[in-house]
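*Asks:* Shown below is the structure under consideration.
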Amino acid sequence: MKKIIFFILVLISFNEMFSQEQEAEIFFKDGTSLEGYGMIHKLNEIKFRISLDDDYDVWTYLMVKSIVFFDYNHGGMYEYVTLKPNESPKLLEVLSEGNINLYADVTSYNYYTGGNFQDRSSTIQKKKFSINKLYVKRTNEKHPTALTGNFRKKAQKYFSDCKEIVEKLKTGEFRKTNANEMVDYYNDFCWE
């Protein structure tokens, strides 16, 4: 009996830990914002409600500009960005903000530990996040530039107006893993 109670308590705590709902602020295209509780739903939708007693409303890029999550572990800002002409905007995480923004196309996937993989009821579900693509975009550009494929070569071309960044890319000081530091460096020292 003690094992069953312990297992139920563990499941409840894991459910709380990995719940997607977080305190957030949603920003609308008209400049207004609302604080409440939100989560990213499906591919490009935001579920948001003012209080825990309310039902969710589902929002898209048609009215929403961005959402900021306040959770200490998984907080961050997500913004709708049009990647290519004639495409619908996509919700991307903002990793660095300034005259040049750095965006990440972040996906999550679930994996299971313990028990039988086929019988997920006896397993503990965990969530992992991975960055698929990085994008950079100047404030005066309509669409971002993808830093996929050969990161160093594409970053050198994009930041060619800043000799220091080009040198730091050549020496390996700036890499994909610290791209946010590279963009912050550009915003602080290279922007004219």
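The values are calculated or read from the model by the stated rules, or taken from the named source; none is laboratory data. Given the structure is predicted, the values throughout are model-derived calculations rather than measurements. Reconstructed Cβ throughout: ideal geometry from the backbone, glycine too, with neighbour counts over all protein chains shown. All accessible areas refer to the heavy atoms of the entire protein, side chains included, with ligands and DNA or RNA removed. Shrake-Rupley method; radii C 1.70, N 1.55, O 1.52, S 1.80 Å.
*Asks:* Which residue is farthest from Asp30 (Cα to Cα), if the candidates are limited to the range 80-99 and must be open to solvent by 30 Å² or more (accessible area, probe 1.4 Å) and part of a strand (DSSP E or B)?
*Replies:* Selected residue: Leu95.
*Asks:* If you don't mind, another one. Among the residues of the range 49-79, which ones are free of Cβ contacts under 8 Å to residues at least 24 places away in the same chain and either small (Gly, Ala, Ser) or open to solvent by less than 30 Å² (accessible area, probe 1.4 Å) (or both)?
*Replies:* Ser51, Gly76
*Asks:* Quick one: Asp184 ticks every box in (1) over 21 Å from Glu79 (Cβ atoms); (2) at pLDDT 95 or above; (3) in a helix (DSSP H, G or I) except a single one, so which number is it?
*Replies:* (1)
Residue by residue, here is whether (1) modelled with pLDDT of 95 or more; (2) out of contact with any Gly (no Cβ under 9 Å at 6 or more places or on another chain); (3) part of a strand (DSSP E or B) holds:
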residue: Lys3; (1), (2), (3): no, yes, no
residue: Phe6; (1), (2), (3): no, yes, no
residue: Leu9; (1), (2), (3): no, yes, no
residue: Glu16; (1), (2), (3): no, yes, no
residue: Glu35; (1), (2), (3): yes, yes, yes
residue: Leu62; (1), (2), (3): yes, yes, no
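*Asks:* Taking Lys137 as the residue in question, decide whether it is more than 24 Å from the chain's Cα centre (by Cα) and modelled with pLDDT of 95 or more.
*Replies:* So Lys137 fails the test.
*Asks:* Moving on to the next point. Would you point out the residue of the range 69-88, among those that are under 14 Å from Asn101 (Cβ atoms) and out of contact with any Lys or Arg (no Cβ under 9 Å at 6 or more places or on another chain), that is modelled with the lowest pLDDT?
*Replies:* Top of the filtered list is Gly76.
*Asks:* Still on this structure, I have one more. Which is at pLDDT below 95, within 23 Å of Thr82 (Cβ to Cβ) and either in contact with a Cys (Cβ under 8 Å, 6 or more places away or on another chain) or open to solvent by 50 Å² or more (accessible area, probe 1.4 Å) (or both), of Ser121, Ser108?
*Replies:* Only one candidate passes the filter, namely Ser108.
*Asks:* Give the range 18-69 a look and list any residue that's touching a His at 6+ places or on another chain (Cβ under 8 Å) and closer than 19 Å to Val94 by Cα, or say none.
*Replies:* Result: Gln22, Lys47.
*Asks:* Enumerate the pairs (first residue in the range 151-178 and open to solvent by 100 Å² or more (accessible area, probe 1.4 Å) and part of a helix (DSSP H, G or I); second residue anywhere and at pLDDT 95 or above and of a type outside the set (Val, Ile, Thr)) with beta-carbon separation below 7 Å, excluding pairs fewer than 6 apart on the same chain, so at least 6 apart or on different chains.
*Replies:* Arg152/Leu169
*Asks:* Let me ask something else. Which of the residues that make up the range 37-60 are in contact with a Lys or Arg (Cβ under 7 Å, 6 or more places away or on another chain), β-branched (Val, Ile, Thr) and either part of a loop (DSSP other than H, G, I, E, B) or closer than 13 Å to Ala24 by Cα (or both)?
*Replies:* Those that are in contact with a Lys or Arg (Cβ under 7 Å, 6 or more places away or on another chain), β-branched (Val, Ile, Thr) and either part of a loop (DSSP other than H, G, I, E, B) or closer than 13 Å to Ala24 by Cα (or both): none in the range 37-60.
*Asks:* Here is a further query. Quick check on the range 37-48: of everything there that is surrounded by 13 or more Cβ atoms within 10 Å (Cβ to Cβ) and aliphatic (A, V, I, L, M), which residue is modelled with the highest pLDDT? Break it down into steps so the answer makes sense when it comes.
*Replies:* Our first condition is that a residue be surrounded by 13 or more Cβ atoms within 10 Å (Cβ to Cβ); within the range 37-48, this holds for 37-41, 44-48.
Now restrict to residues that are aliphatic (A, V, I, L, M): 39-40, 46.
Numbers: Met39: 91, Ile40: 89, Ile46: 94.
Across the range 37-48, the extreme among qualifying residues is Ile46.
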